[in-house]
1. Checking the conditions here, which among 318, 342, 335, 323 is under 30 Å from residue 133 (Cβ atoms), within 14 Å of the ligand (Cβ to nearest atom) and within 28 Å of the chain's Cα centre (by Cα)?
2. Within 16 Å of the ligand (Cβ to nearest atom) and touching a Gly at 6+ places or on another chain (Cβ under 8 Å): is that true of residue 298 in this structure?
3. Among the candidates 50, 21, single out the residue that is modelled with pLDDT under 95, open to solvent by less than 20 Å² (accessible area, probe 1.4 Å) and among the hydroxyl-bearing types (Ser, Thr, Tyr).
4. If a residue must be in contact with a helix residue (DSSP H, G or I) (Cβ under 7 Å, 6 or more places away or on another chain) and in a helix (DSSP H, G or I), how many such residues does region 14-64 contain?
5. Restricting attention to region 304-321, does a residue exist that is open to solvent by less than 40 Å² (accessible area, probe 1.4 Å) and on the phi > 0 side of the Ramachandran plot?
6. For region 240-259, state whether one or more residues are under 30 Å from residue 55 (Cβ atoms) and more than 16 Å from the ligand (Cβ to nearest atom).
7. Need pairs with beta-carbon distance below 8 Å; first residue in the same structural domain as residue 317 (by TED's automatic domain parsing) and open to solvent by 40 Å² or more (accessible area, probe 1.4 Å) and within region 352-376, second among the hydroxyl-bearing types (Ser, Thr, Tyr) and away from the ligand (no atom under 14 Å from the Cβ); sequence gap 6+ or separate chains.
Amino acid sequence: MTELARKIREGDTRALARLATGVENRDAHALETLRELEPAMGHARIVGITGPPGAGKSTLVDALALELRKRGKTLAILAVDPSSRSTGGAILGDRIRMQQHHADPGIFIRSMATRGTLGGMARATADLAKLMDAAGKDYVIIETVGVGQDEIEITSVAQVTVVVLVPGMGDDVQAIKAGIMEIADIFVINKSDHPGAERVEMELHAEGFQCPVIRTVASEGKGIAELADAVGTVAGRTTIHAPRGAAIDHLGIAVQSLEDSIRFYESLGLAVEHRESVATEKVDVAMLPVGESRIELLQASSPDSPIAKFLEKRGPGLHHVALRVPDLNAAVAGLKAAGARLLNEPRAGAGGHIYVFVHPASTGGVLLELIQESAH
Ligand code: ZN
């Protein structure tokens, strides 16, 4: 590991600021270091906060940051201003915040103003979020200045998107509905002590939005604890936490007869590499390599085997898909943060490999096995 990457993993704030600048400038060395840090990613919760100007987003983000710090969480705030009109706006906000959080190394703040194309900006934001993740931040908050299509693209980097509205917006709710409302995982009605908060909430329900609606008065800290709870627990999307560098380790197939199935796969030119009876799982296993991955044939060795139950319920067929991931613990932390249903804590299997199972309800209908990539 290079010196710079090591320093970032050790929590060196100066090194982090330096690399962040390099990543923002798309410097080749910086991007190389970022790739080097990939195994350390997958822990942070990435939260996007967007909404029209004047909704009090900065105040809300600051209040949320203080609440998360109170809970012992570390975080990074990425303030993104894709509009070339308001040059310096984000930078000014940055300075004000710097004073407030100055002495706290648990908050890292970065402002990004327009640089190059919008697509480039979204990419840079995504990379900065990954960098903050690798640096060990528990939360990365991406705050955008406005609420246009640009912001939608930038916010799509986040796993959980908070759309901030305020009372008295009237037709504005209609106006900003295009695109932005659909990406909301949480709605905040800020300045909810103003008249009309009720109406905004009713409109959201009338439009059929199912996600949580939280009323806040950010300037007084009201509703912020609820917001912190919500951003920590709402399922959101799991894009950024998809295991990096994952590969299919094997496909597990539940069969009635190991011998018959082995004969079939042998006729295709595959060969059994390994056979085993796993007493604890009450299953007989045959492993047949296929390229970089394998087919795992599973036969019940007892009537109360999980495989016997599976055959009874669903018949023979695909039982699970196993992915090999570079950092199982990080993947598990990410899955937990995203609300996925794990069937066990990471544990050692027969061959000494560490694995965890994820319930089909969280994976699109198939039992998923995640396996720690071995060192060799
Ligand atoms: Zn398996």
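The values are calculated or read from the model by the stated rules, or taken from the named source; none is laboratory data. These figures come from a predicted structure and were not determined experimentally. Glycine also receives a Cβ, built like all others from the backbone with ideal geometry; neighbour counts cover every protein chain displayed. SASA here: full protein model, heavy atoms, side chains in, ligands and nucleic acids out. Shrake-Rupley method; radii C 1.70, N 1.55, O 1.52, S 1.80 Å.
1. Criteria check complete, one pass: 323.
2. yes
3. Checking each option against the conditions leaves just 50.
4. Counting residues in region 14-64 that are in contact with a helix residue (DSSP H, G or I) (Cβ under 7 Å, 6 or more places away or on another chain) and in a helix (DSSP H, G or I) gives 20.
5. yes
6. The answer is yes, given that some residue of region 240-259 is under 30 Å from residue 55 (Cβ atoms) and more than 16 Å from the ligand (Cβ to nearest atom).
7. From region 352-376, the pairs are 353/374.
Here's the yes/no breakdown for (1) hydroxyl-bearing (Ser, Thr, Tyr); (2) on the phi > 0 side of the Ramachandran plot; (3) modelled with pLDDT of 80 or more:
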site: 101; (1), (2), (3): no, no, no
site: 105; (1), (2), (3): no, no, yes
site: 108; (1), (2), (3): no, no, yes
site: 116; (1), (2), (3): no, yes, no
site: 157; (1), (2), (3): no, no, no
site: 185; (1), (2), (3): no, no, yes
site: 208; (1), (2), (3): no, yes, no
